[in-house]
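All of the numbers you see were taken from the coordinates with simple rules; none came from a lab. The structure presented is a predicted model; accordingly, all values stated were derived computationally and were not measured.
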Amino acid sequence: MKKYFAVSVILAGITQAAIAQKTDTAQILVHYKFTHVRDTTNRANAYSENMVLFVGANASSYKSYDRQLQNALFKKQIQEQLANSPDGRVKIQQKNTGSGTDYYQFPGDKKLVRKEPILMNTYLIDDELPAINWHIGRDTVSFGELHCQKATCHFKGRDYTAWFCPDLPVHVGPWKLNGLPGVIIEAYDAKKEVVFKFDRVEKAVLAAPAVRQPADVHPGLTVVTMGGDDADMDPNIIQLPTKGIKTSDKEYEKLRDAMRKDPNAFVQSMLASMPVNGGPKANINIKVLPQPPINNPIELPEK
């Protein structure tokens, strides 16, 4: 009971609010092979993930491409099971693949917003877009048809080399990298411990509107997608989740630690605050896998 109360207090201390930033539409998608040596005692097994940067005229969003593919498969499995289940029972085993953290850059407003999902909720951490002291060189290189120029900087404890494309004049890049007169196509630190390796670029194509399950197919059934209310949005629309819960780094870390310490108490606290649609009360048990060791975070303390 004490654990349940403690989690409830943390949840109650955070209020839901939308962050006012203009909606943009992606024009191109830049794909990266992201690698990060998180454990220097095990360099051969660096963390890797396929990431994608959605680039609009005035904003960008950087997301896990692996997770997008996983979510699409998850929704397809739900639709197939609903179509073949007369009582609305759905049993899906979802593999947790890819980071759920998204980064939104709004250069005109000098804003950076980080989106962090915890189970059914989405949390938004609002911050200033980091001002990076870039040194632009004369070296050039081409990635396919993208002609890029070299730039270097010291940022978050690491020395970075970046290649940006002046023909794409939006001052954005992967992760928190920004501020060059062109989209950052590739970047890496001096030790190659953090690498945003260019994979490919493609033109953005808006998806057709999602076809939702009619409400009267299974009365009382509510399907909640893990990771927030933007799961059904076209990712080419660069927009913060409308029901995102605005919080701070400190409060988010409290929530994350509470979930890892006692995930089932955390889930029950969340379910207690959710409206019931006349169906049976949900009974969810969740298991959080142990976190792999990280002795080399992407952001290092300055010496």
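From the mean inverse distance of alpha carbon pairs (Kirkwood) and the Cα radius of gyration, derive Rg over Rh for segment 140-187.
Numbers: Rg = 10.1 Å, Rh = 10.6 Å.
Radius of gyration over Kirkwood radius for segment 140-187 works out to 0.95.
Of LYS110/LYS191; LYS156/LYS203; LYS115/LYS176; LYS150/LYS203, which ones are farther than 22 Å apart at the Cα?
Details: LYS110/LYS191 29 Å; LYS156/LYS203 31 Å; LYS115/LYS176 13 Å; LYS150/LYS203 24 Å.
LYS110/LYS191; LYS156/LYS203; LYS150/LYS203, as the Cα separations exceed 22 Å there.
How much length would be gained if the chain were fully extended between THR101 and GLU202, taking 0.36 nm per residue of separation minus their Cα-Cα distance, in nm to one decimal? It would help to have the intermediate numbers written out before the result.
On the way: separation 101, 0.36 × 101 = 36.36 nm, distance 2.22 nm.
Once the chain is fully extended between THR101 and GLU202, it gains 34.1 nm.
Sequence-distant or interchain residues sharing an amide H contact under 5 Å with ILE185, placed H: which?
Amide H to amide H, under 5 Å and 5 or more residues apart or across chains, ILE185 pairs with TRP163, PHE164, CYS165.
Amide H of ASP199 versus every other amide H placed in the peptide plane: which residues, excluding those fewer than 5 positions away on the same chain, fall under 5 Å?
Amide H neighbours of ASP199: HIS31, TYR32, LYS33.
For segment 51-58, take each phi angle, set θ = phi - 60°, evaluate the Karplus expression 6.51 cos²θ - 1.76 cosθ + 1.60, and give the result in whole Hz per residue in order, putting x for glycine and proline.
My calculation for segment 51-58 gives 10, 9, 10, 8, 10, x, 6, 9 Hz in order.
Please list 3J(HN,Hα) in residue order for segment 136-153, calculated via the Karplus relation 6.51 cos²θ - 1.76 cosθ + 1.60 where θ = phi - 60°; whole Hz, with x for glycine and proline.
Ordered by residue, 3J(HN,Hα) equals 8, x, 9, 5, 10, 7, 10, 10, x, 8, 8, 8, 10, 10, 8, 8, 10, 6 Hz.
How much length would be gained if the chain were fully extended between LYS250 and HIS31, taking 0.36 nm per residue of separation minus their Cα-Cα distance, in nm to one decimal?
75.7 nm
Whose amide H sits under 5 Å from the amide H of THR122, counting only residues 5 or more places off or on another chain, with H placed in the peptide plane?
Under 5 Å from the amide H of THR122 lie the amide H atoms of ASP229, ILE245, each far enough along the sequence or on another chain.
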